[in-house]
Amino acid sequence: MSNYVISHLKELESEAIYVIREVAAQFENPAILFSGGKDSIVLTHLAKKAFFPAKIPFPLIHIDTGHNFPETIAFRDALVENLGVRLIVGLVQEAIDKGRVREENGADASRNSLQIVTLLDTLETYKVDAAMGGARRDEEKARAKERFFSHRDEFGQWDPKNQRPELWNLFNGRQNYGEHFRVFPISNWTEMDVWEYIKQENIDLPSLYFSHQRDCVQRDGAILANSDYIKLKENEKVMPMTVRYRTCGDMTITGAVESTADSLDKIIKEIATTRTTERGGRADDKRAVTAMEDRKKQGYF
Amino acid sequence: MEYQDIELLRFTTAGSVDDGKSTLIGRLLYDSKSIFQDQLQAVEESSRSKGYDYVDLSLLTDGLKSEREQGITIDVAYRYFATPKRKFIIADTPGHIQYTRNMVTGASTANLAIILIDARKGMMEQTHRHAFIASLLRIPHAIVCINKMDLVDYSEHIYNDIVSSFKAFSSKLSIKDIQFIPISALHGDNVVNRSKNMDWYAGSTLMYHLENVHISSDLNLVDCRFAIQSVIRPHTFDYQDYRGFAGRIDGGVFKPGDRVKSLPSGFISTIKTIELNGEEILEAFSPMSVTITLEDDIDNSRGDMIVRENNVPNIGQDLEVLVSWMSTKPIQTRTKVIIKHTTNVCVAIIKELKYKIDINTLHRIEGIDQVEMNDIARMSIRTSKPIFYDSYKRNRQTGSVIIIDEQTNETIGAGMII
């Protein structure tokens, strides 16, 4: 066997760095959409590696629903400080106050789909022509058909039936006025790849991802954190539980899993034996079979 | 961890409606335990609501709303699974003629192609098409799965007939490694587990092949090619004069100390360091993303190429290209287009349409005045500036181009340089 073989993590890293560098070269105003979740943290780490010893040559954009975990915000601010990059925050509360969107009512209300308006407004305000995200194709069936360079029309919409073919490593980022791109450098990574990479690279994560004690509410098979943003239904009880998070969205919709995994090794072991997908705990995907496809078409992440 | 340091294999599957492609992928995912409980539950529910009396594994690969409504796949979908030996990326492409462009797309990054044949039907037009595209895109390995063996009584005779007719056809192609396996995707025979119904088959299972096929020798380690993506200049106190050339190795093996030549300037220099994130790399080869610094201050920029002093690519403006046409808008001679090749972009003109290839018979159709969607045609293209290229046969990275419509900015063609 020849020695000219690289591991799958190295190959995925190489591919992602190539894509990030293409974005920096092909676009005027790129940005990373930073949610504070592990995927966007990995993406930011890759961007740092891509341009070292120079700084990341574009800002991070965070769409803040106002329903974030406080740990996420603290982590975000420390990371930005550390990297010396610019942070742009788009506030969903602002769109609500201006009457651009209306809040959902009822116990299952979430600000998840309200983010679309703030996201598109923020991209327009800062004239972002390429917004990089940490979405992966293995997450969800609509995402399985996503391109690395995903074209959006002037309304920010995704047209899955009319995507540009993507061949070899030749990415076509040419666009007409008013259009923009979403770019997904870690498209080919799986949840396991992300965790193994975090371990290999020793990447810091918010404490939410590790096992901790928290007051929780069980709803429709999901475990939700109790917070000021959640309205309890009749006969729902708040209970202290030992949990951790596999994804990191709003407090109102991101389900925790019961887990005692408090280290990366234990988490990797847990994932290797786990029998549900990481978005299985996301109430936003459970609204309809095509919930993700529908939101993506409108301009969602 | 047992998952670490394993190789990545990218493969493509092409198949038409009903030849069991989705079932095969579902089977690979299911038997390799890559399917999660909530996914399986969703498929069980869908199967029930459709009135099936079995769990239809093919529903696992169903994607978009419009696809489910029509019961077809319209786009390339990517699937992932891993075994302790390898991690796999499947480019799952629909196989009907109108989706030739999707098959080409899926094939462009694949190490291996799975070609499915329905044992009851034998070689069909689409089989020719799939094999031809795998060959055209220079996929080095192919596995021909003769599927639905359960429906032909696991007949060795039928299997052998199909194998010999495939061989007769594939002798005209350039796939260097072809394996044949009799399978039943529905029942799992020879997919992950050996079949008890086909004692006459002494070869290995599909999964064994996927896990063990030797792919590292497919790399071009001879011709050193490094297309510059961007120049890293930090302008900080610690790195005042730093000038790093960022890119992904397209071929060959680069080492610090190597004498190299920059194109198009022709300047010769020596590699000072190869690095990523400040960590030094002693040998860099495809597909590694790295940053290269040179001993001399050379003003390279995006689109330039670093090569070995005594092994340079072709440099020129006239390309002979086999093109897979991907746009609903046909193309004629004298059309102005944009070409993207490695990290270079330039205007180009279609000088001549030479012939189309009938992808079922491999015959040339000469005297054409336009090329339409899903055609494969040979063209002469003239670029507005010299580009640095190899034949596609020698290097998939430096031998490929995409053609972009000047007005709409759509990708309208994929070309392989002859």
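The values are calculated or read from the model by the stated rules, or taken from the named source; none is laboratory data. Note that this is a predicted model, so its numbers are computed, not measured. Note that we place each Cβ from the backbone using ideal geometry, even for glycine, and neighbour counts take in every protein chain shown. Surface accessibility is based on the protein's heavy atoms, side chains included, excluding ligands, DNA and RNA. Shrake-Rupley method; radii C 1.70, N 1.55, O 1.52, S 1.80 Å.
General remarks:
- Counting the residues of region A:193-216 that are out of contact with any strand residue (DSSP E or B) (no Cβ under 6 Å at 6 or more places or on another chain), surrounded by 18 or more Cβ atoms within 10 Å (Cβ to Cβ) and among the hydrophobic types (A, V, I, L, M, F, W, C) gives 4.
- The condition of being in the same structural domain as A:Val89 (by TED's automatic domain parsing) and over 20 Å from the mean Cα position of the chain (by Cα) holds for only one of A:Gln200, A:Gln175, that being A:Gln175.
Conditions (1) part of a strand (DSSP E or B); (2) in contact with a Pro (Cβ under 7 Å, 6 or more places away or on another chain); (3) within 17 Å of A:Ala54 (Cβ to Cβ); (4) in the same structural domain as B:Tyr389 (by TED's automatic domain parsing), marked per residue:
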| residue | (1), (2), (3), (4) |
| --- | --- |
| B:Glu211 | no, no, no, no |
| B:His235 | no, no, yes, no |
| B:Tyr242 | no, yes, yes, no |
| B:Gly257 | no, no, no, no |
| B:Gly303 | no, no, no, no |
| B:Asp318 | yes, no, no, yes |
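- Among the residues of region A:176-205, those identified as assigned to a loop (DSSP other than H, G, I, E, B) and facing chain B (nearest Cβ under 10 Å) are A:Asn176, A:Glu179, A:Ser187, A:Asn188, A:Trp189, A:Thr190.
- Search result, residues across region B:216-243 that are within 8 Å of chain A (Cβ to nearest Cβ) and either touching a Gly at 6+ places or on another chain (Cβ under 6 Å) or touching a residue at least 24 places away in the same chain (Cβ under 8 Å) (or both): B:Ser216, B:Leu219, B:Leu221, B:Gln229, B:Ser230, B:Ile232, B:Tyr242
- Flag for A:Gly173 being part of a loop (DSSP other than H, G, I, E, B) and farther than 30 Å from B:Phe226 by Cα: no
- A single entry from B:Ile338, B:Ile403 fulfils the requirement of being within 13 Å of another protein chain (Cβ to nearest Cβ), under 18 Å from the mean Cα position of the chain (by Cα) and part of a strand (DSSP E or B): B:Ile403.
- Those residues of region B:382-400 which are among the basic types (Lys, Arg) and part of a loop (DSSP other than H, G, I, E, B), in sequence order: B:Lys393, B:Arg394, B:Arg396
- Against the criterion of being open to solvent by 30 Å² or more (accessible area, probe 1.4 Å) and within 27 Å of A:Gly66 (Cα to Cα), A:Asp121 qualifies.
- Test: residue in region B:122-130 that is among the acidic types (Asp, Glu) and either farther than 28 Å from A:Asp193 by Cα or open to solvent by 10 Å² or more (accessible area, probe 1.4 Å) (or both): yes
- Qualifying residue in region A:230-238 (condition: buried (at least 16 other Cβ atoms within 10 Å of the Cβ), outside the structural domain of A:Glu71 (by TED's automatic domain parsing) and at pLDDT below 90): yes
- Scanning region A:3-40 for residues being polar (S, T, N, Q) and under 23 Å from B:Phe245 (Cα atoms) gives a total of 3.
- Among the residues of region B:329-382, those that are basic (Lys, Arg), open to solvent by 40 Å² or more (accessible area, probe 1.4 Å) and in contact (Cβ under 8 Å) with a residue 40 or more places away in the chain comprise B:Lys329, B:Lys336, B:Arg378, B:Arg382.
- B:Ala414 vs. criteria in a strand (DSSP E or B) and farther than 22 Å from B:Val104 by Cα: no
- Some residue of region B:358-376 being assigned to a strand (DSSP E or B) and either in the same structural domain as B:Phe132 (by TED's automatic domain parsing) or small (Gly, Ala, Ser) (or both): no
- For the residues B:Glu279, B:Glu275, B:Glu283, the requirement of being within 14 Å of another protein chain (Cβ to nearest Cβ), open to solvent by 10 Å² or more (accessible area, probe 1.4 Å) and free of Cβ contacts under 8 Å to residues at least 24 places away in the same chain singles out B:Glu279.
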